[in-house]
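The values are calculated or read from the model by the stated rules, or taken from the named source; none is laboratory data. Just so it is clear, the model here is predicted, and its values are computed rather than measured. Cβ: placed from backbone, ideal geometry, glycine included. Neighbour counts: every protein chain shown. Keep in mind that these areas ignore ligands, DNA and RNA; they rest on the heavy atoms of the full protein, side chains included. Shrake-Rupley method; radii C 1.70, N 1.55, O 1.52, S 1.80 Å.
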Amino acid sequence: MPIHEKELIRPEDLRTHEQLTVDGVDVSGHWSTFIRSRVVTDYNEAMQEEVAALPGGEFIHRCWQCGSCTNACTVNAVNPDFNPRFWIYLVRMGMEAELLRDKDIVWQCVSCNKCTHICPRDVNPEGVMKAISHWLELKGHTPKSPAMVFDEVFSDQVIRRGKIEDGRTIRRFFARTGQALQQDWLIEMAKRLVRHLPIGLLARLGFSAAIAPRTRDWSRARAAIEEYVQAEHAAQRSALGLDAPDSPATTREGA
Amino acid sequence: MNDSILIVGGGPAGLAAAHALARVGRHSVLIDKAERLGGAPILSGYAKLVPSGEWAKDAIGGMVERVRGDSLVEVHTGATVRSFDGSPGDFTAQLSDGATVRAGAAILATGFTHFDSLNKPEWGFGTFPDVVTTTQVEQMISSGRGVRCPSDGRKPQRVAILLCVGSRDRQIGREWCSKICCTVSANLAMEIREELPDCHVYIYYMDIRTFGLYETKYYWRSQEEFKIKYIKARIAEVTSDGTKLIVKGEDTLVKRPVTIPFDLVVHAIGMDPNLDNKTIASTFGVELEPHGYLARRNTYGNMAETTRAGVFVAGAATGPETIDDSIGQGHAAALSALGSLGAAKATA
Ligand SMILES: Cc1cc2nc3c(=O)[nH]c(=O)nc-3n(C[C@H](O)[C@H](O)[C@H](O)COP(=O)(O)OP(=O)(O)OC[C@H]3O[C@@H](n4cnc5c(N)ncnc54)[C@H](O)[C@@H]3O)c2cc1C
Ligand code: SF4
Ligand code: SF4
Ligand code: SF4
């Protein structure tokens, strides 16, 4: 195949022989440099189905590559390598190795849903971005993204108590992502809350933080939700050909 | 003055014209060079038609029976027109079977010729047995044998359909879009997945032209319900590694060369001008348009006129057409022919 653009030449595909003679002609060193063809044979045809099995990924197969999502995308405006249209294609065609080159930026989607509102085929690209990040994590290609950790901490609270307590959510999130609790912006926010919130509301915030009350009669609801979540996780892992689900106990802290 | 109408070609367009004329009590002579009536859908054994989903042998076969059973239609199969002389209201045609036909007007419904894939040798047709055409896949389905690799009869696990084979290609002097092959390919892809649910079907395209309402029923449905994969690439060559076909091209959306193994490669062949068109043009004294189809005199005035008064044209003889449009044009040509007889009578 002809090389269309220089940027497509990847250093790992360059080959040079220190000593090489071809038909009696010495082409040692850079004279023998050639570019290995970039033909990819390791298509993972299961990839589209796998991503479709994760929440948000259901409609990935509808995409016809118009590029509206990428054009509309908030993150793409800042980082041109963030390209939902392209990743959707890679997943659909099973170009796993190619997708892995971008694995560390997929999670940066800010869920603004501009793409979702512009997509002519109802692909729900925002959901697909989530599903792809999730897929990368489950397959062990990326560590849990901060966004995913936050989701987990958040839903963990809801599941355990039927309520959210913001202070606890933030503390756990920081602890699990290894961030210091003393962050300038957070301190500033707390100060302003104290300064501007009505006393009654402050008192209730303080009470929740100290006591962490549960919704009444929550335990049956909690059991049902936990059972559902576990079943969903098991189904997702098996769709991806992974064995035993990671039990919620290992990823969640005690209440 | 002769009131009968000569119809050349017994495909969907010619059959529609003959039936329309019979319904208003007019006699016609329908001739076809093939031994059977029905045109491409019958002669080439198409399977389920776009967009009705009816089997060709039922839908078009029904049109044939209707005409066959009508005493107002005189049928000559295995015959062509040797000569055609006279003027509107009074033509005389000599047929190859020795018969002489007198008619007041003529309708040319001589259709198209399937593109011969041997003219694109880089895509492997004629070299590798598992490279076939859409017509062959239609036959595999309509015969009930199912979609199989001709080389050893196995069920294909991976099928590539290459669009625009013999269309939109200046290298081989064919600039036109054959109009129906995108839709036909999406239809066949769905039929393949229906029969062989584990088979992956890829369609290699430059543009997808499932025009009008076909968008939902064929393009969207094939993607959304049947998970057909569309890849924007014009394939460079089809080779073989001894066991599988190897398809090479550039996936233009990721700027990357692709080399993919397939079991079966299908050419979505186009609709060439009928190979007889030059002969037809000189026999009937009508002109061809620049691509080689029969020229129409005007677009909006009287439908179906050729450049010769009293001679009309309908269907794929005028350019790539669908069956339903060919039928519509057959009706239009019948009405225009009737009108021309009325005009000829008035001046006689
Ligand atoms: C693979 C494939 C699949 C298709 N599937 C569909 C589909 O699903 N739906 C759809 O709408 N369209 C489909 N089409 C298009 C369809 O084939 C045409 O629209 C239709 O056949 C046109 O009808 P016609 O009567 O104009 O011409 P034809 O069907 O070509 O009929 C012409 C007739 O004229 C006769 N003839 C030719 N030359 C002479 C001569 N010199 N003297 C006497 N007789 C002559 C021929 O023997 C033939 O019987 C398909 C096309 C292809 C290639
Ligand atoms: S939701 Fe994500 S992918 Fe969609 S536009 Fe916003 S940042 Fe981009
Ligand atoms: S806007 Fe929708 S259809 Fe278009 S490329 Fe993005 S996901 Fe695909
Ligand atoms: S209908 Fe589609 S496959 Fe056929 S020539 Fe046109 S673009 Fe190509």
Do we have residue A:169 as more than 14 Å from chain B (Cβ to nearest Cβ) and either within 16 Å of ligand 2 (Cβ to nearest atom) or not in a helix (DSSP H, G or I) (or both) here? no
Looking only at segment B:254-272, which residues are in contact (Cβ under 8 Å) with a residue 60 or more places away in the chain and more than 14 Å from residue B:160 (Cα to Cα)? B:270, B:271, B:272
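Yes/no matrix, rows are residues, columns are (1) open to solvent by 10 Å² or more (accessible area, probe 1.4 Å); (2) closer than 13 Å to residue B:5 by Cβ; (3) more than 16 Å from ligand 3 (Cβ to nearest atom):
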residue: B:298; (1), (2), (3): yes, no, yes
residue: B:305; (1), (2), (3): yes, no, yes
residue: B:315; (1), (2), (3): no, no, yes
residue: B:324; (1), (2), (3): yes, no, yes
residue: B:327; (1), (2), (3): yes, no, yes
residue: B:333; (1), (2), (3): no, yes, yes
residue: B:343; (1), (2), (3): yes, no, yes
Residues of segment B:207-254 satisfying the condition of being β-branched (Val, Ile, Thr), over 25 Å from the mean Cα position of the chain (by Cα) and within 23 Å of residue B:169 (Cβ to Cβ): B:231, B:238, B:239, B:246, B:247, B:252
Is at least one residue of segment A:70-80 at pLDDT 95 or above and closer than 11 Å to residue A:132 by Cα? no
Give me a count of the residues in segment B:97-128 that are open to solvent by less than 60 Å² (accessible area, probe 1.4 Å) and within 28 Å of residue B:297 (Cα to Cα). 14
Pick out the one residue from B:193, B:174, B:256, B:170 that is more than 13 Å from chain A (Cβ to nearest Cβ) and surrounded by 17 or more Cβ atoms within 10 Å (Cβ to Cβ). B:174
Flagged in segment A:127-136 as open to solvent by 20 Å² or more (accessible area, probe 1.4 Å) and either out of contact with any helix residue (DSSP H, G or I) (no Cβ under 8 Å at 6 or more places or on another chain) or at pLDDT 95 or above (or both), in numbering order, are A:130
Can you tell me which residues in segment A:52-64 are within 13 Å of another protein chain (Cβ to nearest Cβ) and within 15 Å of ligand 2 (Cβ to nearest atom)? A:59, A:60, A:63
The listed residue being open to solvent by less than 10 Å² (accessible area, probe 1.4 Å) and either within 16 Å of ligand 1 (Cβ to nearest atom) or without any contact (Cβ under 8 Å) to a residue 60 or more places away in the chain (or both), out of A:110, A:106: A:106
Hey, could you check segment A:52-103 for residues that are basic (Lys, Arg) and more than 15 Å from ligand 3 (Cβ to nearest atom) and say which is least open to solvent (accessible area, probe 1.4 Å)? A:103
How many residues does segment B:205-230 contain that are more than 16 Å from ligand 1 (Cβ to nearest atom) and either facing chain A (nearest Cβ under 8 Å) or of a type outside the set (Ser, Thr, Tyr) (or both)? 12
Given the criterion farther than 28 Å from residue B:211 by Cα, open to solvent by 20 Å² or more (accessible area, probe 1.4 Å) and away from ligand 2 (no atom under 16 Å from the Cβ), identify the matching residue among B:24, B:67, B:73. B:24
Just a yes or no: is a residue in segment A:190-211 closer than 20 Å to residue A:161 by Cα, touching a residue at least 24 places away in the same chain (Cβ under 8 Å), of a type outside the set (Lys, Arg) and touching a Gly at 6+ places or on another chain (Cβ under 6 Å)? yes
In segment A:27-51, which residue that is open to solvent by less than 30 Å² (accessible area, probe 1.4 Å) and within 11 Å of another protein chain (Cβ to nearest Cβ) is modelled with the highest pLDDT? A:48
Could you grab me the full set of residues in segment B:231-253 that are open to solvent by less than 10 Å² (accessible area, probe 1.4 Å), facing chain A (nearest Cβ under 10 Å) and more than 20 Å from residue B:156 (Cα to Cα)? B:249, B:251
Take the residues in segment A:113-126 that are open to solvent by less than 20 Å² (accessible area, probe 1.4 Å) and assigned to a loop (DSSP other than H, G, I, E, B), then tell me which one is farthest from residue A:84 (Cα to Cα). A:121
Those residues of segment A:113-143 which are over 9 Å from residue A:56 (Cα atoms), within 14 Å of chain B (Cβ to nearest Cβ) and near ligand 2 (Cβ under 10 Å from one of its atoms), in sequence order: A:119
Every listed condition ((1) more than 30 Å from residue A:213 (Cβ to Cβ); (2) in the same structural domain as residue A:202 (by TED's automatic domain parsing); (3) in contact with a Leu (Cβ under 6 Å, 6 or more places away or on another chain)) holds for residue A:184 save (3)
Return only the number of the condition from (1) more than 16 Å from ligand 1 (Cβ to nearest atom); (2) part of a strand (DSSP E or B); (3) under 22 Å from the mean Cα position of the chain (by Cα) that residue B:202 does not satisfy. (3)
Selection from segment B:170-183 of residues that are out of contact with any helix residue (DSSP H, G or I) (no Cβ under 6 Å at 6 or more places or on another chain) and within 16 Å of ligand 1 (Cβ to nearest atom): B:174, B:176, B:177, B:178, B:179, B:180, B:181, B:182
